[in-house]
């Protein structure tokens, strides 16, 4: 009787999945492109998600040009090959949430579809990820020349105590504009974003105007 029970237990054990062999996909930042901005999905990663309205561009308004967007230094932390995504949120990422929206326009204030934007920034503690692609990502404008980036407000660091987000922008077939975005508390001419406080995040607006 005992031998029968032992054999049965061994057979059942062989048929059962081993916990040691179970694997789970790593949680990464949400990757989505707003092909239809009125139905953009809410990212599901990070400790919180944005309470997005049905149309994340509702407060964007019509294209507005105030001159060409100035160039600004690339800095030492750019990395080519970032993933294509609109959300830089990821597991364990902390900080004040923000949604950055705007147009990419030519010098006649005409929206540019499929313009490339490549963003990189420090985290809320002022640190860059120089070994991977945390808080780094590129995307393309939609058919109305609009972009949308979900991220966190960048922190300060000792060598450069000013909040900023780096970006490269390129119209199809055009040259690359390398610049940075700054915030109203430390405004920089031609590169300062508009900020509106929402319930659980900051809505940030900036239009890029390219020499096209």
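FYI, it's all coordinate maths here, none of it is from the lab. Here the structure is a predicted model, which means the values were calculated and not measured. We place every Cβ from the backbone using ideal geometry, glycine too, and count neighbours over all the protein chains shown.
Key figures for this structure:
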quantity	calculated
Cα-based Rg and Dmax for the range 66-212, where Dmax is the largest Cα-Cα distance (Å)	14.3, 42
Paramagnetic reach from residue 108 in the range 59-101 [backbone N under 20 Å; point 7 Å along Cα→Cβ]	62-69
Ranked by how many other beta carbons lie within 10 Å on average, peptides 199-211, 183-195 from highest	199-211, 183-195
Among 82-93, 127-138, the order from most to least packed when residues are scored by Cβ within 10 Å on average	82-93, 127-138
The range 66-212: relative contact order in percent, alpha carbon pairs under 8 Å with at least 6 residues between	33
